[in-house]
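Visitor: Take a look at the following structure, please.
The values are calculated or read from the model by the stated rules, or taken from the named source; none is laboratory data. Only a predicted model underlies this, so the values are computations on that prediction, with no experimental measurement involved. Glycine gets a Cβ as well: all are built from the backbone with ideal geometry, and neighbour counts include every protein chain shown. These area figures cover heavy atoms from the full protein model, side chains too; ligands, DNA and RNA do not enter into them. Shrake-Rupley method; radii C 1.70, N 1.55, O 1.52, S 1.80 Å.
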Amino acid sequence: AATMLLNLYVKRSNLNRKPSPVQRDVEIKFINDFPFIETEDQKTAWEEISQDMSLSTPMDRLLCGDVGFGKTEIAMRAAFRCVLGGKRVAVLAPTTLLANQHFASFNNRMNPHGILIDVVSRLQSKKGLDLIKIKILNNNNDVLIGTHSLLNDHSYLANIGLLIIDEEHRFGVSQKEKIKQFKTSIDVLSMSATPIPRSLNLALSGIYSISLLQTPPLMRFPIITHIKLFDEIIIRDAILFEVSRGGQVYFVHNNIQSIKSCSDRLRKLLPHQNIQNIHGKEAARTIENKMEKFISGSIDVLVATSIIEVGIDVPNANCIIINNAHLFGLSQLYQMRGRVGRSHRQAYAYLFL
């Protein structure tokens with residue numbers, strides 16, 4: 001595998017591709033529309049990526065930053081420049097939920113500038129997917145977001161200039177092989193909150209370039225984390241506190257067989273709260289409906305498996321309770337804890353053993 005990666009690196013470093021042209025005035029207007037104050041790290045990361053995209057060799061950069069530190073904004077700036085240069089962008093996400101989240105973010109930010117965004121997911125009908133292919137043929141798509149299914153159909157990848165990969169370590173071996181084959185002559189920007197050691201090693205040895213986002217956004221508080229033995233009183237008090245201040249709660253119970261009985265137990269403990277459960281074996285439409293209800297605020301407590309680990313951004317949810325936390329890996333705990341603390345409100349994480 002290491003030899004293959006080195007060969008790919010050598011091949012890419014010898015390739016020439018047309019640099020993405022810089023339209024400074026248009027880019028400045030897009031950057032100024034960013035609704036938050038950018039951190040110094042975001043400025044530096046964008047300068048580094050901007051420099052990469054102006055070279056004649058393809059970019060291969062790892063953008064590493066904590067959950068909620070602004071990686072998506074930097075990725076959107078890279079996508080914006082690529083589209084201005086007449087090329088399309090593919091955004092690869094490990095889950096349908098994250099693909100939909102990215103679609104909402106990219107659409108809100110880029111659609112006002114006339115950039116056309118579409119999403120490919122298992123929630124769509126064949127008719128809907130065929131319509132997207134027609135759009136691509138007619139040059140009516142600039143950014144296509146989706147799961148690994150994007151790589152299964154070459155018609156999705158026509159005229160791609162930039163590939164953005166979110167949490168590459170979440171993809172399987174066969175999917176990574178497809179990504180490698182697809183990578184040859186295009187710009188690649190990988191994003192991760194918890195990169196695997198191999199990615200870091202490649203970055204440190206100079207095969208990948210790396211940009212770090214280490215500064216939290218303004219007014220962001222560190223998440224207060226408690227590690228406890230299972231205790232219903234603490235769980236009840238934590239949920240009541242969060243709901244009383246108008247917030248919502250994630251309760252992670254990573255066992256599909258017993259998730260319903262866990263939810264029933266919580267309902268007995270908290271009879272006045274709206275408690276729903278969600279897991280990956282449910283129908284895609286059911287998952288989407290429940291997530292929409294949670295995002296809209298009509299569910300107080302969402303009892304979920306680790307399906308919520310990647311990418312769901314609900315600023316009103318600022319408490320997460322993780323049951324049997326000792327059964328998760330460190331990067332999983334880190335990702336799940338990052339689901340909260342995405343607003344200006346103090347967030348809490350409870351890890352129960």
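Visitor: Roughly how much of Cys64 is accessible, in Å² to the nearest 10, using a 1.4 Å probe?
Guide: Its heavy atoms expose roughly 20 Å² to the probe.
Visitor: Rounded to whole Hz and in sequence order, give me ³J(HN,Hα) for the range 112-118 from the Karplus expression 6.51 cos²θ - 1.76 cosθ + 1.60, θ = phi - 60°, writing x for Gly and Pro.
Guide: Along the range 112-118, the couplings run x, 9, x, 8, 9, 10, 9 Hz.
Visitor: Determine the per residue accessible area of the chain with all protein chains present and a 1.4 angstrom probe, expressed in square angstrom. Provide the component values of the computation, followed by the final result.
Guide: Working: 16360 Å² over 353 residues.
Per-residue value: 46 Å².
Visitor: When the Kirkwood hydrodynamic radius is evaluated over all pairs of different C-alpha atoms of the range 260-353, what value in angstrom, to one decimal, is obtained? Mind showing how you got there, number by number?
Guide: Working: mean 1/r = 0.0717 Å⁻¹.
Every distinct Cα pair counted, the radius reaches 13.9 Å.
Visitor: Here's another thing I want to ask about it. Over the range 310-353, how many percent of alpha carbon pairs lie in each 10 Å bin up to the one with the longest distance?
Guide: P(r) for the range 310-353, in whole percents per bin: 31, 53, 16, 0.
Visitor: In whole angstrom, and with the biggest value first, how far do the Cα coordinates of the range 57-155 range along each principal axis?
Guide: For the range 57-155, the Cα extents along the three principal axes come out at 37, 29, 29 Å.
Visitor: Using alpha carbons only, what's the Rg to Rh ratio of the chain with Rh from Kirkwood? Walk me through the intermediate numbers first.
Guide: Values: Rg = 21.0 Å, Rh = 21.4 Å.
A ratio of 0.98.
Visitor: Could you rank the peptides 293-302, 94-103, 272-281, 119-128 by their average count of other C-beta atoms within 10 Å per residue, with the highest value first? Let's see the in-between values first.
Guide: Working: 293-302: 18.7, 94-103: 22.3, 272-281: 16.5, 119-128: 14.9.
Per-residue mean Cβ counts within 10 Å order the peptides as 94-103, 293-302, 272-281, 119-128.
Visitor: Determine how large the accessible area of Arg285 is when every protein chain is in place; take a 1.4 Å probe and give Å² rounded to the nearest 10.
Guide: 120
Visitor: Now, a different point. For the range 89-142, what mean projected area does the convex hull of the alpha carbons give, in nm²? Show your work: numbers first, answer last.
Guide: Numbers: hull surface 14.9 nm².
Average of the hull's projected areas for the range 89-142 equals 3.7 nm².
Visitor: How big is the range 288-337 along each principal axis, measuring the range of its Cα positions in Å and listing the largest first?
Guide: Projected onto its principal axes, the Cα set of the range 288-337 covers 31, 19, 18 Å.
Visitor: At a 1.4 Å probe radius, carbon and sulfur cover how many percent of the accessible area of the chain? Could the numbers behind the result be given before it?
Guide: Details: 9050 of 16360 Å².
Of the solvent-accessible surface of the chain, carbon and sulfur hold 55 percent.
Visitor: Also, I was wondering about something else. Give me the mean projected area, in nm² to one decimal, of the convex hull enclosing the Cα positions of the range 60-104. Kindly include the intermediate steps, with their values, before the conclusion.
Guide: Numbers: hull surface 15.0 nm².
It is 3.8 nm².
Visitor: In deg cm²/dmol and to the nearest 500, what is the mean residue ellipticity at 222 nm of the chain if only DSSP H runs of at least 4 residues count, each as -39500 (n - 2.57), divided by the residue total? Display every interim value, and only then the final one.
Guide: Details: 12 runs with 139 residues, N = 353.
It comes out at -12000 deg cm²/dmol, rounded to the nearest 500.
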